[in-house]
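Derivation of every value follows stated rules applied to the coordinates shown; laboratory data play no part. Computed from a predicted model, the values in this text were never measured in an experiment. All Cβ positions, even for glycine, are placed from backbone atoms using ideal geometry, and neighbour counts span all protein chains on display.
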Amino acid sequence: MKDVEWLKNYMEEKGIDAKIIEVKKASTVKEAAEELGCSKRQIIKSIVLVAEDEPIIAIVDGTSSVDLKKVEKLVGKNVRIAGREEVPHLTGFPAGGVPPIGHNCKVILDERVLKNEKVYGGGGDEKHLLLIPPTEITKDGATTAKIRK
């Protein structure tokens, strides 16, 4: 299983300009925004999807949800949201801690996320968040598209 240390090493190895922050609890957008004192739009969610047994990470801001039909058009396959118990097997990270970087699968970043200078995403587990410029997520291989509802 991947963890916060793995994520730190990955960022260092790839030269990703981001910072891991320890929090009391940030397993929901509301909890994270309250603890950090920021807007829900500055929190990002890495939603794990499955397209014919292949994982896809869809990233939207904290006020949005993923439009599965838009993702299906992009990938040309039927897509479903992974069950909580599937997430560690598909990503190596626990549900609630999936970061926006470090994946060996397709990652799609909703274009609205790029309007933020920096965002907070999963940091490897429920007690850590990753403070990262959205441009660093695209440098790590994410494609951008309108995937929010």
In this structure, among Lys25/Lys45; Lys2/Lys139; Lys106/Lys146, pairs with alpha-carbon gaps over 18 Å are Lys2/Lys139
The orientation-averaged projected area of the Cα convex hull of the range 37-149, in nm², is 6.3
Two pseudo-spin positions, 7 Å from Cα along C-beta at Arg84 and at Leu131, lie apart in nanometres by 2.9
Placing each pseudo-label 7 Å from Cα in the direction of the beta carbon, Ser65 and Glu31 end up separated by a distance in nanometres of 2.0
Subtracting the Cα-Cα distance of Thr138 and Leu114 from 0.36 nm times their residue separation yields 7.7 nm
Too long for a 30 Å Cα-Cα cut-off, among Lys8/Lys70; Lys19/Lys73; Lys30/Lys69, are Lys8/Lys70; Lys19/Lys73
Quick calc, the chain, dipole around Cα centre from Cβ unit charges on Lys, Arg (+) and Asp, Glu (-), nearest 20 debye, gives 660
Most packed first (mean Cβ within 10 Å per residue), the peptides 133-145, 116-128 order as 116-128, 133-145
Note, the range 51-64: 3J(HN,Hα) by Karplus (6.51, -1.76, 1.60, θ = phi - 60°), whole Hz, Gly/Pro = x, goes 10, 6, 6, 9, x, 9, 9, 10, 10, 10, 7, x, 9, 10
Taking the alpha-carbon centre of each part, the distance from the range 77-107 to the range 117-137 in Å is 15
For Lys118, the aspartates and glutamates lying under 16 Å Cα to Cα, once residues fewer than eight places off in the same chain are dropped, come out as Asp17, Asp61, Asp110, Glu136, Asp140
A correct Karplus calculation of ³J(HN,Hα) over the range 30-39, with 6.51 cos²θ - 1.76 cosθ + 1.60, θ = phi - 60°, whole Hz and x for Gly and Pro, returns 4, 4, 5, 4, 5, 5, 8, x, 10, 6
